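> Below: one structure in structure tokens.
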Amino acid sequence: MSELSAKAIVLLGDGAGDRPVPQLQGQTPLEAQATPALDEIAKGGECGLMDPIAPGIPAGSDTAHLSLLGYDPYTYYTGRGPFEARGIGMRVQAGDVAFRCNFATVDDDWTVLNRRAGRIKEKEGTPELAAAVNTAAGVIEGVQCAFKESVEHRGALVLHGEGLDPRVTDADPHTENSKVLEVRAEDPAAAKTARVVNHWIRRTYEALKDHPVNADRKWPANIVLPRGVGVAPHLKPFQAEHAMSGAMIVEVALIQGLGEYLEMDVIRVPGATGGYDTDEMAIAQAVVEAHASHDFVLCNIKCPDLGGHDGSWEKKQAAIAKLDRAAGYLLDHIDFDHTVMVVTADHSTPVAVKDHSGDPVAIVAYGVGTRPDDVSRYGERPCARGGLCRIRGVDVIRILSNLTGAQKKFGS
Ligand code: ZN
Ligand code: ZN
């Protein structure tokens, strides 16, 4: 830990931003849900709106987190696969090509019947299936193909060898009742990579279609479909970049992998499931603990995003209530005379859209050095009237590091 005048926390409700919902009398889920702690933070802090990347750009969780951590995604983003792979403990070296993957269910003609093989529970049978895949498809054309299961239907594939190139298309058709797509090279230099991946997919099917683990499954996990290709990013470690020691408490491997690349302390909290049932109080306690030993802590609670993807304002409101309880715990247990905290979302996931959108999200900076404004409620429209006005994701860390004393003077 360095000698700064204050410490910083970023608390994110994943996908918490939204649009007016007719069934909520035109309020957003954040506006409609009772959030006493978030309102207290808004009242005592400096509010505004934040475009995670730029106005109107729907951000992925990965690109949004890059931006919020001060790395412009247009410069640094090299694809999702490497983050997912690193998040589950795989190595992705320079020259490697990495994919995120889904176990899926296909029929004999490779029509996708279920993209997530019925959303496997935790890791039921998937380590065995992954072992079978690696035995059947460990090396193709001299390229080492390493596959590892993540949670539920997810996994990652890392290709290591000569002459690889990430300019290839996805195999996952992204919809059901469509055929598995042939992976195509978008540049002649990627022809070998496309060939290897197509061959690998064929071998996963052969290894899994009659695998005993699948015998009793309604949706047999009988193929693995790669997508989200990428190469290892070049990222300066967080502490070297920002002169603050950093910890990360997030629930999904994708963002944990980003934290590993940035050499942050990635803390995995028992009970943090990434689902609606997550233990938000265990997460909040972990933030307080990490705060004691780090200058900067980023925490993301995943479930509001799930409510958005599921198109359910009720579930999204229940998830926001969890975020509020975590925020309340931080209010009670952090010394805000020596800490500045930003509460915001990594992007909007409107229930009407069921996916990420480019709408700006509510943001508040609270604690030492901030200038409280007249806003007294947390939500998209109340915060729009605040003193922080409208900023971009990449601004957040600079606003924080200015208040912690980590930001250097520009000029003399
Ligand atoms: Zn997100
Ligand atoms: Zn999402």
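The values are calculated or read from the model by the stated rules, or taken from the named source; none is laboratory data. Computed from a prediction, not measured in an experiment: that's the story for all the values here. Note that we place each Cβ from the backbone using ideal geometry, even for glycine, and neighbour counts take in every protein chain shown. In case anyone asks, the SASA skips ligands and DNA or RNA and just uses the protein heavy atoms, side chains included. Shrake-Rupley method; radii C 1.70, N 1.55, O 1.52, S 1.80 Å.
> Roughly what would the spin-label model give for Ser5 and Ser412, points 7 Å off Cα along C-beta, in nm?
Using points 7 Å along Cα→Cβ, the separation is 2.3 nm.
> Continuing with this model, one more query. Using a Gaussian network model of the chain whose springs link C-alpha atoms within less than 10 Å, name the residue from Thr370, Thr175, Thr78 with the highest mean-square fluctuation.
Thr175
> Further question: How high is the FRET efficiency between Asp310 and Asn402 when r is their beta carbon distance and R₀ equals 41 Å, given to the nearest 0.05?
0.60
> Right, next: First compute the accessible area of region 295-412 with a 1.4 Å probe, then give the percent of it belonging to carbon and sulfur atoms.
Reported share for carbon and sulfur atoms: 49 percent.
> Mind putting a number on the dipole of the chain about its Cα centre? Charges go on the C-beta only, +1 for Lys and Arg and -1 for Asp and Glu, and I need it in Debye to the nearest 20.
The dipole magnitude comes to about 480 debye.
> Quote to one decimal, in nm, the extra length available between Ser178 and His333 on full extension: 0.36 nm per residue of separation minus the C-alpha distance between them.
50.7 nm
> What number, in nm² with one decimal, is the all-direction average of the projected area of the convex hull of the alpha-carbon atoms of region 144-217?
5.9 nm²
> What's the long-distance tail for region 208-308, i.e. % of Cα pairs beyond 18 Å?
Percent of Cα pairs beyond 18 Å in region 208-308: 61.
> Compute the distance in nm between two label points, each set 7 Å from the Cα along the Cα-to-Cβ direction, one at Asp374 and one at Ala191.
A separation of 6.8 nm, rounded to one decimal place.
> Which pairs break 30 Å Cα to Cα here: Lys121/Lys209; Lys123/Lys302; Lys322/Lys409?
The answer is Lys322/Lys409.
> At 1.4 Å probe size, with every protein chain present, just tell me what the per residue accessible area of the chain comes to in Å².
41 Å²
> Picking from Thr204, Ile9, Gly87, whose Cα lies most toward the positive end of the charge dipole for the chain (charges on Cβ: Lys, Arg +1; Asp, Glu -1)?
Thr204
> Could you tell me what percent of the accessible area of region 161-215 is made up of carbon and sulfur, with a 1.4 Å probe and every protein chain present?
47 percent
> Once you measure Cβ to Cβ distances between cysteines in the chain, which Cys have no partner under 4.7 Å?
Cys101, Cys145, Cys299, Cys303, Cys389
> Same structure again: In region 256-270, which residues have a backbone nitrogen under 16 Å from the label point lying 7 Å from Asp279's Cα in the Cα-to-Cβ direction?
267-270
> In Å and on Cα atoms, what radius of gyration and Dmax does region 31-99 show?
Answer for region 31-99, Rg first and Dmax second: 17.1, 50 Å.
> Just for the chain, what percent of DSSP beta bridges are antiparallel, to the closest 5?
Looking only at bridges with both residues in the chain, the antiparallel portion is about 60 percent.
> Also, I was wondering about something else. Under a Cβ-only charge scheme (Lys and Arg +1, Asp and Glu -1), can you give me the dipole magnitude of region 1-121 about the Cα centre, in debye to the nearest 20?
Once rounded to the nearest 20, the dipole reads 340 debye.
> What FRET efficiency comes out for the pair Asp109/Glu263, r = Cβ-Cβ distance, R0 = 56 Å, nearest 0.05?
Here the calculated transfer efficiency is 0.75.
> So what is the calculated 222 nm ellipticity per residue for the chain, using -39500 (n - 2.57) for each DSSP H run with n of 4 or more, over all residues, to the nearest 500 deg cm²/dmol?
When only DSSP H runs of four or more count, the value is -9500 deg cm²/dmol.
> Could I ask something else about it? Please build a GNM for the chain, connecting alpha carbons under 10 Å apart, and tell me which residue among Leu157, Leu323, Leu113 fluctuates the most.
Leu113
> Where the convex hull is taken over the Cα atoms of the chain, what is its projected area averaged over directions, in nm²?
In nm², the orientation-averaged hull projection of the chain is 20.6.
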